[in-house]
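Report on one structure; see the data block that follows.
The values are calculated or read from the model by the stated rules, or taken from the named source; none is laboratory data. Just so we're clear, the structure is a prediction, and the values are computed from it rather than from any experiment. Here the Cβ positions follow ideal geometry from the backbone for every residue, glycine too, while neighbour counts run over all protein chains shown. Calculation scope for accessible area: heavy atoms of the full protein, side chains included, ligands and nucleic acids excluded. Shrake-Rupley method; radii C 1.70, N 1.55, O 1.52, S 1.80 Å.
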Amino acid sequence: MKLKNNFERTVVVLLLVIGGLLVSIPFIWMILSSFKREIEVISIPPTFFPVEPIFSHYIRLFTELDFGVYLVNTLIIVFFSMFGLLLNTMAGYGFGKFHFRGKEVWFSIVLVTMMIPGQVTMIPTYLIINGMGLTNTMPGIILPGLIAAFNIFLIRQFMVTIPDDLIEAARLDGAGEMRIFFRLILPLAKPIVAVQAILTFIAGWNSFIWPLIIANDQSLYTLSVGLSLLKDENATSYALQMAGSSIMVIPILIIFVIFQKYIIEGFNVSGIK
Amino acid sequence: MNKKKLNLIPYIFIGPAVLLLFVFTFMPILLALVISFTNLNLTGLADFSTIDFIGFDNFVRLFQDDVFIQSIGNTLFYVIIGVPLAVGSSLIIALLLNFVSNWLSTFFRVIFYMPSVTNIVAIAVIWGFLYNQNYGLFNYLLSVINVGSVPWLEDPMIAKLSLILMAVWKSNGISMLIFLAALRSIPTIYYEAADIDGANRWQKFTKITLPSMSFATFFVVVTTLIGWFQFFEEPFVMTDGGPLNGTNSIALFIYQEGFQYNEFGYGAAASFVLFVIIIIATLIQFKFRNKDQTL
């Protein structure tokens, strides 16, 4: 459907601008408040722009509070979640392009785990990690989220479309299996892997529940767990809380804006019509 | 010889991922089923001999537990109000985006998708501040137009609606992209033919746009529904189920039993009740869809 005239076009754009503003208010308010003094943040009527912008809340997060440690832990989790994506991609390739004994059984296990709600496995996964003695350790935080059945499934769907002849030709040329995977398959699968990489990065950066359940020591806290601690311990320091939220939110928004093209195109790749 | 060597290769590719998935996701499913029939709690974890099989006691107890019954009611409330709002608003945004030029559409797609990539704790901090009864922006804006202060998170009924508003804001992005992809894939020739036949805009919308998007709509409704049945993070970070248990959901109930009261068996039993509810709701959807197609 197309619009008939300029008046209609203006109405649509106006509606989008209003909607966009409503959606952005929380972000705008967060950033503006993070540069205000605590006393200004709770003044009535509120100021829109900070009267006298200050940066001290951000400095306090890293000097008096442990946000530096939280940031490092978060980056460690992000790094390993990328490694998890590599394992997912390998498995997707294995399921998509090889025939082997037990393939159907293993793949149905992937499908079953995809369909079970996370709440069902939450308690027993904790018990297993506890049984392995991994509570309050970094591996305990990382391992449960490393593999995502849905990612294996999506990547497998893509791998199936790669022609067998291509792989056979590479084998005839004497390329090893790993070389084929890294040099031929990964570049071919770039559209789907790129989307997964961005989504995995975002998910790793935002991961909250497992670090919260597994980590007892503050030295293992991630940004999101640290932020929730900050919310409880400094319940009335709103400007400080807003600065903490900005640290958490702004990097991921920047990453998203840079790579949004891949995510949006990814929805066409995964073929939902 | 060569053939035999080749057969090991696929296991090298799937091995690590499948092993991890088996240990940390598949085994827990089986384990959940077993422990939901036991009285496993913190003492049982320290000393396995105190664990007893208690049959269906956990399930019987669940349906006599007022907190659980209330959390089922709240969850249904979230689903019934939240799913139409979430699906409707993302559809409207997608329709509007489909009208405008490419660069405008890209710009607003990014804006509307932003909340989906934002961390839930940060959202809780920001929205908690916006919803604050004394210093919050929302109540200030309302006071400007002479509306008294609203207890956004302090009243059980309003708190549920506040959480729904926040969750719709957060979750619109993905559904919007799916709807938009579906809209873009409708051939323009359909609309041109309708123009020749003199169809008005509403007719084109109901006879061409909506039917062409039936799969996307079905997909979005099913996934949104499943997501809202598992409503967890919003009440967890914003209200912790309060006030007066008014925002507690089934998923949050499971978390509380498992990790606050360490009633692992009881919590696992509740998780199976949730699972069954989700399966039933999904099956009903598929049934309706089949009916549509045979008509």
Self-check item: Count of residues meeting criterion [farther than 16 Å from B:Phe37 by Cα and at the interface with chain A (Cβ under 9 Å from one of its Cβ atoms)] in segment B:253-265
Solution: 2
Self-check item: Positions within segment B:237-256 being at pLDDT below 90 and either open to solvent by 10 Å² or more (accessible area, probe 1.4 Å) or in contact with a strand residue (DSSP E or B) (Cβ under 6 Å, 6 or more places away or on another chain) (or both), in sequence order
Solution: B:Val237, B:Met238, B:Thr239, B:Asp240, B:Gly242, B:Pro243, B:Leu244, B:Asn245
Practice problem: Answer yes or no as to whether B:Glu257 is within 26 Å of B:Asn58 (Cα to Cα) and without any contact (Cβ under 8 Å) to a residue 40 or more places away in the chain. | Solution: yes
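Kindly evaluate B:Leu33 against the criterion of being over 30 Å from B:Met213 (Cα atoms) and open to solvent by 80 Å² or more (accessible area, probe 1.4 Å).
On the way: over 30 Å from B:Met213 (Cα atoms): yes; open to solvent by 80 Å² or more (accessible area, probe 1.4 Å): yes.
Judged against the criteria, B:Leu33 is a match.
Looking only at residues that are more than 9 Å from every other protein chain (Cβ to nearest Cβ) and among the β-branched types (Val, Ile, Thr) in segment B:266-278, which one is surrounded by the most Cβ atoms within 10 Å (Cβ to Cβ)? Steps first, answer last, please.
Filtering segment B:266-278 down to residues more than 9 Å from every other protein chain (Cβ to nearest Cβ) leaves B:266, B:269, B:273, B:276-277.
If we keep only those that are among the β-branched types (Val, Ile, Thr) too, we end up with B:273, B:276-277.
Working: B:Val273: 19, B:Val276: 10, B:Ile277: 17.
That would be B:Val273.
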Quiz item: Residues of segment B:17-29 being open to solvent by 60 Å² or more (accessible area, probe 1.4 Å) and facing another protein chain (nearest Cβ under 8 Å), which ones?
Solution: B:Phe22, B:Met27
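Within segment A:121-168, track down each residue that is open to solvent by 30 Å² or more (accessible area, probe 1.4 Å), more than 18 Å from A:His99 (Cα to Cα) and assigned to a helix (DSSP H, G or I). Please lay out each step first, then the result.
Step one: list which residues in segment A:121-168 are open to solvent by 30 Å² or more (accessible area, probe 1.4 Å), which gives A:126, A:130-139, A:143, A:145, A:148, A:150, A:153-154, A:156-158, A:160-161, A:163-166, A:168.
Filter again for more than 18 Å from A:His99 (Cα to Cα), leaving A:126, A:130-139, A:143, A:145, A:148, A:150, A:154.
Correct list: A:Tyr126, A:Asn130, A:Gly131, A:Met138, A:Pro139, A:Leu143, A:Gly145, A:Phe150, A:Leu154.
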Practice problem: Find the helices (runs of 4 or more DSSP H) located wholly in segment A:11-117 whose residues include 1 or more that are assigned by TED's automatic domain parsing to the domain that holds A:Leu184, and list them. | Solution: A:56-63, A:67-97, A:103-115
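So which of A:Ile44, A:Ile109 ends up being out of contact with any strand residue (DSSP E or B) (no Cβ under 6 Å at 6 or more places or on another chain), within 30 Å of B:Thr282 (Cα to Cα) and within 7 Å of chain B (Cβ to nearest Cβ)? Write out each step before concluding.
Numbers: A:Ile44 fails: within 30 Å of B:Thr282 (Cα to Cα).
Testing whether each residue is out of contact with any strand residue (DSSP E or B) (no Cβ under 6 Å at 6 or more places or on another chain), within 30 Å of B:Thr282 (Cα to Cα) and within 7 Å of chain B (Cβ to nearest Cβ) leaves just A:Ile109.
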Exercise. Report whether or not B:Tyr135 is at pLDDT below 85 and either under 27 Å from the mean Cα position of the chain (by Cα) or within 9 Å of chain A (Cβ to nearest Cβ) (or both).
Key: yes
Quiz item: How many residues does segment B:214-251 contain that are within 20 Å of B:Val121 (Cα to Cα) and assigned to a loop (DSSP other than H, G, I, E, B)?
Solution: 11
Practice problem: Among residues belonging to segment B:158-172 that are open to solvent by 40 Å² or more (accessible area, probe 1.4 Å) and modelled with pLDDT of 90 or more, point out the one that is farthest from B:Thr224 (Cα to Cα). | Solution: B:Ile158
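Just need a number here: residues in segment A:63-106 that are more than 11 Å from every other protein chain (Cβ to nearest Cβ) and under 23 Å from the mean Cα position of the chain (by Cα). Spell out the reasoning first.
Quick first cut of segment A:63-106, residues more than 11 Å from every other protein chain (Cβ to nearest Cβ) only: A:63-73, A:75-82, A:104.
Next, from what is left, pick out any that are under 23 Å from the mean Cα position of the chain (by Cα): A:66-73, A:75-82.
Selection size over segment A:63-106: 16.
From the list A:Phe27, A:Phe7, A:Phe48, A:Phe35, which one is open to solvent by 90 Å² or more (accessible area, probe 1.4 Å) and either modelled with pLDDT of 85 or more or more than 25 Å from B:Pro115 (Cα to Cα) (or both)?
A:Phe7
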